[in-house]
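A.B. asks: Below are the structure tokens for one structure; questions will follow.
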Amino acid sequence: MAKPKAKVDQKKCLACCGCITVCPQDAISWVGGRAQVDPKKCISCAICIRTCPVGAISGDIQ
Amino acid sequence: MNLKYDVVVVGSGPAGSVTARFAAEGGAKVLVIERRAEVGVPVLCGEGISRKIDAWKILEGKRWIAGKMDGARIYSPDKTCVTLSAEQAGNETGYVVYRDIFDQELARSAIKAGAEFMMNTKALGLIKEGDKIKGVKAEHFDEELDIECDIVVAADGVDSKVAQWAGLKTRLDPKDLETCCQYTLTDIDVADAYCEFYLGKEIAPGGYIWVFPKGKRIANVGIGILASLSESGMAKKLLDKFIENDKRLNKGKTIRFLAGAVPVSNPAEQTVADNLVLVGDAARHVDPITGGGLTHCLEGGKIAGEVIAKAIKAKDYSAERLSEYEKGWKDAFGPKIKRNYLVKELMLEMDDKTLNKLASALEKVKFEEISTHGLVREVAKHLPISTKLNALIKHRKEIKEIKKK
């Protein structure tokens, strides 16, 4: 089974850009002023999930 | 629509505006583009700045000052307090500012010098001829713009797209990024003008919690934690817990909540290329201990603007010509950032017990200088010998490099 990908909850995102800055795959970009993960580029490393100060990114990735 | 300028600055934060101002003063035709609708908004900052800024005479008036600070208190994990007060240090402390007004004053000074600003204008990419940068593609509301220019300034922050489009490395290691959030709380029992810092692994791993008063009964209360030590939502959870347990703060009302990311890395290795200059957070010009970057933005922006103006006059936009800026900021604050980066690494190795011991040793010290430098000097004196030796061995190469300069 494919690994679950990180996903940004657009309602929680405060656009701090932390996730974008630490993503090793350049998989996160601004869409409508909020961060959005490109699932094709995401390697499920969970760095963005851990970085998010408000817990807006999920993905059940360990 | 096609436009033509000598210089396009992407981003209207302090580094962008100051660069624009000094480039325009030197005779360059400058355009600043800003994706947001208002300069300085939203505020993404703890809003503390050293009073050194007075000597530079870059800002006019006093509207940008929320409060003059009488000193700072640093609390170790067991709440031992190290006090740095203005009395001890000849009034050399700091201000808490209104960053929105602060940024707008800097923009006004750039406009006064002849720079133009275009708001609601998002950079979409660089215009290139082969590898050569020829300008910026942008969108102003629904209108596409091709803005031709000789020099592009990347003043677009920690996640600089301009630097990325130019092919520079912009990704930061999680151990070099602080993930932050902050409340502005009103109706609180904080009356005196002291900036407070709270350290400890349980309080803010790899960072600190700050309480910066913005006036009577109002303060910025924020947290920065190292991304490499963070878990999902940890910054906000720890900050909420801190506020809940602080009797002065827990009845406060929120009038602003924001999140941000602060680079605490070494400066960018490359801050110029042909037709390109990086300033501010994009250049990683942030003190890795405090996470403060405003003074570097002003100092570095001035150097960048002056070098850019000269390059425009000489019609030479090469990396070699622009490297005068790189040399300039390296002389001004390069070694300081590198040294403080080593201190940051060293502090990460200290457990709460060591921090408590250190704070007790410093509790009675009369500080001659209120600055990270003054503090670091005292900390160094009181560090356990084993910690000092470990650091020396681990960072031997970097220390040598800094000493050479």
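The values are calculated or read from the model by the stated rules, or taken from the named source; none is laboratory data. From a predicted model like this one, the values you see are computed outputs, not experimental measurements. Positions of Cβ are generated from backbone atoms using ideal geometry, with glycine treated the same way; all protein chains shown enter the neighbour counts.
For (1) crowded, with 19+ Cβ neighbours inside 10 Å; (2) within 28 Å of B:Glu349 (Cβ to Cβ); (3) without any contact (Cβ under 8 Å) to a residue 40 or more places away in the chain; (4) of a type in the set (S, T, N, Q), each residue gets a yes or a no:
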| position | (1), (2), (3), (4) |
| --- | --- |
| B:Lys201 | no, yes, no, no |
| B:Trp210 | yes, yes, no, no |
| B:Lys216 | no, no, yes, no |
| B:Val221 | yes, yes, yes, no |
| B:Gly224 | yes, yes, no, no |
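A.B. asks: Is it true that A:Gly32 is more than 9 Å from every other protein chain (Cβ to nearest Cβ) and either under 10 Å from the mean Cα position of the chain (by Cα) or surrounded by 14 or more Cβ atoms within 10 Å (Cβ to Cβ) (or both)?
C.D. replies: Spelling it out, it is not the case that A:Gly32 is more than 9 Å from every other protein chain (Cβ to nearest Cβ) and either under 10 Å from the mean Cα position of the chain (by Cα) or surrounded by 14 or more Cβ atoms within 10 Å (Cβ to Cβ) (or both).
A.B. asks: Looking only at residues in segment B:287-324 that are β-branched (Val, Ile, Thr) and modelled with pLDDT of 95 or more, which one is surrounded by the fewest Cβ atoms within 10 Å (Cβ to Cβ)?
C.D. replies: So the residue we want is B:Ile312.
A.B. asks: So, one more: State all residues of segment B:126-172 that are within 14 Å of chain A (Cβ to nearest Cβ) and either part of a loop (DSSP other than H, G, I, E, B) or surrounded by fewer than 16 Cβ atoms within 10 Å (Cβ to Cβ) (or both); if no residue qualifies, say none.
C.D. replies: Those that are within 14 Å of chain A (Cβ to nearest Cβ) and either part of a loop (DSSP other than H, G, I, E, B) or surrounded by fewer than 16 Cβ atoms within 10 Å (Cβ to Cβ) (or both): B:Glu139, B:Asp156, B:Gly157, B:Val158, B:Asp159, B:Ser160, B:Gly167, B:Leu168, B:Lys169, B:Thr170, B:Arg171, B:Leu172.
A.B. asks: Kindly evaluate A:Ala27 against the criterion of being more than 22 Å from B:Cys45 (Cα to Cα), within 14 Å of another protein chain (Cβ to nearest Cβ) and under 11 Å from the mean Cα position of the chain (by Cα).
C.D. replies: yes
A.B. asks: Does B:Gly215 satisfy the criteria of being farther than 24 Å from B:Asp281 by Cα and of a type outside the set (Lys, Arg)?
C.D. replies: yes
A.B. asks: Could you please find all residues in segment B:173-191 being of a type in the set (A, V, I, L, M) and within 14 Å of chain A (Cβ to nearest Cβ)?
C.D. replies: Within segment B:173-191, just B:Leu177 meets the criteria.
A.B. asks: Tell me, please, whether a residue that is in a loop (DSSP other than H, G, I, E, B), more than 10 Å from every other protein chain (Cβ to nearest Cβ), surrounded by 15 or more Cβ atoms within 10 Å (Cβ to Cβ) and not hydrophobic (A, V, I, L, M, F, W, C) can be found in segment A:5-21.
C.D. replies: Yes, segment A:5-21 has at least one match.
A.B. asks: Hand me the list of strands (runs of 3 or more DSSP E) wholly inside segment B:192-244 holding 2 or more residues that are at the interface with chain A (Cβ under 9 Å from one of its Cβ atoms).
C.D. replies: In segment B:192-244, B:218-226 are the strands (runs of 3 or more DSSP E) which contain 2 or more residues that are at the interface with chain A (Cβ under 9 Å from one of its Cβ atoms).
A.B. asks: Count, please, the residues in segment B:335-361 that happen to be out of contact with any Pro (no Cβ under 6 Å at 6 or more places or on another chain) and within 27 Å of B:Thr19 (Cβ to Cβ).
C.D. replies: 4
A.B. asks: Out of the residues in segment A:35-50 that are more than 9 Å from chain B (Cβ to nearest Cβ), of a type in the set (A, V, I, L, M) and buried (at least 21 other Cβ atoms within 10 Å of the Cβ), state the one that is farthest from B:Leu44 (Cα to Cα).
C.D. replies: Let us first name the residues in segment A:35-50 that are more than 9 Å from chain B (Cβ to nearest Cβ), namely A:35-45, A:48.
From what is left, the residues that are of a type in the set (A, V, I, L, M) are A:35, A:37, A:43.
With the extra rule that they be buried (at least 21 other Cβ atoms within 10 Å of the Cβ), the set shrinks to A:35, A:37.
On the way: A:Ala35: 16, A:Val37: 23 Å.
The qualifying residue farthest from B:Leu44 (Cα to Cα) is A:Val37.
A.B. asks: Restricting the search to segment B:113-125, which residues are part of a strand (DSSP E or B), farther than 23 Å from B:Gly27 by Cβ and touching an Asp or Glu at 6+ places or on another chain (Cβ under 9 Å)?
C.D. replies: B:Thr121, B:Lys122, B:Ala123, B:Leu124
A.B. asks: Would you say B:Ala261 is closer than 19 Å to A:Gly55 by Cα, crowded, with 18+ Cβ neighbours inside 10 Å, modelled with pLDDT of 95 or more and within 14 Å of chain A (Cβ to nearest Cβ)?
C.D. replies: yes
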